[in-house]
Amino acid sequence: MDGLVQITEHLASLGVDLTTEAGGPKRATSLLSRRVPLAAPEAQLATLDAVPLAAGDFEAAIAGAGFEGGLLPAKLEFFQINIGKLCNMTCRHCHVDSGPDRLTENMDRATVDACLRALDATDAHTVDITGGAPELNPHFRYLVDACVERGKHVIDRCNLTVLLVPRFRDLPEYLADRGVEVVCSLPHYRQRNTDAQRGDGTYEKSIRALHRLNEVGYGQGDPRRRLTLMSNPAGAFLAANQAELEGEWRRGLQAEHGITFDRLICLNNMPIARYLEWLVEKGQLAAYMERLTNAFNPAAVAGVMCRNTLSISWDGRLYDCDFNQMLDLEVELPGGARPSVHDLDATALQQRRIVTARHCFGCTAGQGSSCGGATA
Ligand code: SF4
Ligand code: SF4
């Protein structure tokens, strides 16, 4: 069945209307829906390349950190599957350009099955499911169940507000029963910064969703109910120190809402997609890129996520990371082949050189930044 028809029917069968259930007032504002030039990945790369920077050559920067000849893969540990761009929210900083209007780009069952076959051909121990709001994909639970059956650690990258969509209210129990780690986006433990980035009302919904997760055992030290919060800055600055911030967040969320969590990770905003548009609109792009390059940390290079992760898109193409996926920079094998999930060869993949460009400075600035948080 065609993916668009499939997902539309799925949402209709659940009675979900994303135009009325969005997390905030900023609806249907994906770059794609507005047909702005920056919707094109090549326009984003060109915009970054045009910024005058004294030290803007990423390859030269990592060569100075001992990675002459570029980044090479380490042991593959994480299988990150981006199962679609559909989301109930339209956050200002979104690097995926997700939203309720992204109905077309969602993984179908045949591609999910191809991902599972490919997973079986690797030794990856973790399947990291992301989106969009991955829970909106009709095959989300099928994928989770299949990965759990295989003994994989499963991560659901959850925007929290989706847990309040009426027909998805059993999700916390479903995830808890299967020991799925929930990694939740929450820009800040205070309301103002969260709503500024994700839309009015998001904070209050996020707090309600966190209560639901706590009620089913998440965030209380049980390794099978791991609740990770993920914060990113609300402006054109670098992520705060993860270790220092965690205690403050614990005290703040406990005192104000009685909420507990297991771990806080802090990420830099990646200067692509809607965050890139925001930087351009605010006249902050050059300053932000300078901030990233000035804060280049050689110690953060070895831990960048592309080295131990493989990223798969909704249509089965392969990338070094989710950011490269959004910039359409596919995995490239020696000789130029670009395999898909249908012909993944784990040994051949280890021979590749990771594709990098200026956006990569987002991963190596300050304490480093990856899907698992700080890298240095
Ligand atoms: S940042 Fe996350 S929650 Fe917000 S629009 Fe993008 S995918 Fe959806
Ligand atoms: S953006 Fe991707 S490819 Fe570039 S350093 Fe970060 S993880 Fe690696």
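Sequentially through segment 44-55, phi angles give Karplus couplings (6.51, -1.76, 1.60; θ = phi - 60°) of 5, 4, 5, 4, 5, 5, 7, 6, x, 9, 5, 10 Hz, Gly and Pro residues having no value and appearing as x. Solvent exposure of the chain amounts to 39 Å² per residue of accessible area, where only protein heavy atoms count and the probe is 1.4 Å.
Taking all protein chains together and rolling a 1.4 Å probe, residue 47 ends up with roughly 40 Å² accessible.
For residue 330, the shell of other residues with beta-carbons less than 14 Å away shows a net charge of -3, using +1 for Lys and Arg and -1 for Asp and Glu. When the chain is treated as a Gaussian network with alpha carbon springs shorter than 10 Å, the biggest mean-square fluctuation among 137, 193, 268 belongs to 193.
Taking amide hydrogens as placed 1.01 Å from N in the peptide plane, the amide H of residue 99 sits under 5 Å from those of 87, each at least 5 positions away in sequence or on another chain. Of the solvent-accessible surface of the chain, computed with a 1.4 Å probe and all protein chains present, 51% belongs to carbon and sulfur.
For residue 240, the shell of other residues with beta-carbons less than 12 Å away shows a net charge of -3, using +1 for Lys and Arg and -1 for Asp and Glu.
The calculated 222 nm mean residue ellipticity attributable to helices in the chain amounts to -10000 deg cm²/dmol, summing -39500 (n - 2.57) over DSSP H runs of n ≥ 4 and dividing by all residues. Rounded to whole numbers, the Karplus 3J(HN,Hα) couplings from phi for segment 266-276 are 10, 10, 6, 6, 8, x, 9, 6, 5, 5, 4 Hz, using 6.51 cos²θ - 1.76 cosθ + 1.60 with θ = phi - 60°, and x at Gly and Pro. Between residue 376 and residue 337, the FRET efficiency from the beta-carbon distance, with R0 = 30 Å, is close to 0.35. Extension gain for residue 169 to residue 257 (0.36 nm times residue separation, less C-alpha to C-alpha distance): 29.7 nm. The number of Lys pairs in the chain with C-alpha atoms less than 27 Å apart, excluding pairs fewer than 8 positions apart on the same chain, is 7. Computed over the alpha-carbon pairs of segment 303-347, the distance histogram in 10 Å steps reads 29, 59, 12 percent, short to long.
Among residues other than residue 301 with Cβ under 13 Å from its Cβ, the summed charge is -1 (Lys and Arg +1, Asp and Glu -1).
Computed from backbone phi, the HN-Hα couplings of segment 197-208 come to 8, 10, x, 4, x, 5, 4, 4, 5, 5, 5, 4 Hz, rounded to whole numbers (Karplus: 6.51 cos²θ - 1.76 cosθ + 1.60, θ = phi - 60°; Gly and Pro given as x). If a/c stays under 1.5 just call it rounded; otherwise compare a/b with b/c (prolate if a/b is bigger, oblate if not). Do that for the chain, with a ≥ b ≥ c from the square roots of the Cα gyration tensor eigenvalues. Because its axes are fairly even, with a/c under 1.5, the chain counts as rounded.
The values are calculated or read from the model by the stated rules, or taken from the named source; none is laboratory data. These numbers come from a predicted model, not from an experiment. No Cβ is skipped: glycine too gets one built from the backbone with ideal geometry, and neighbour counts run over all protein chains shown. Keep in mind that these areas ignore ligands, DNA and RNA; they rest on the heavy atoms of the full protein, side chains included. Shrake-Rupley method; radii C 1.70, N 1.55, O 1.52, S 1.80 Å.
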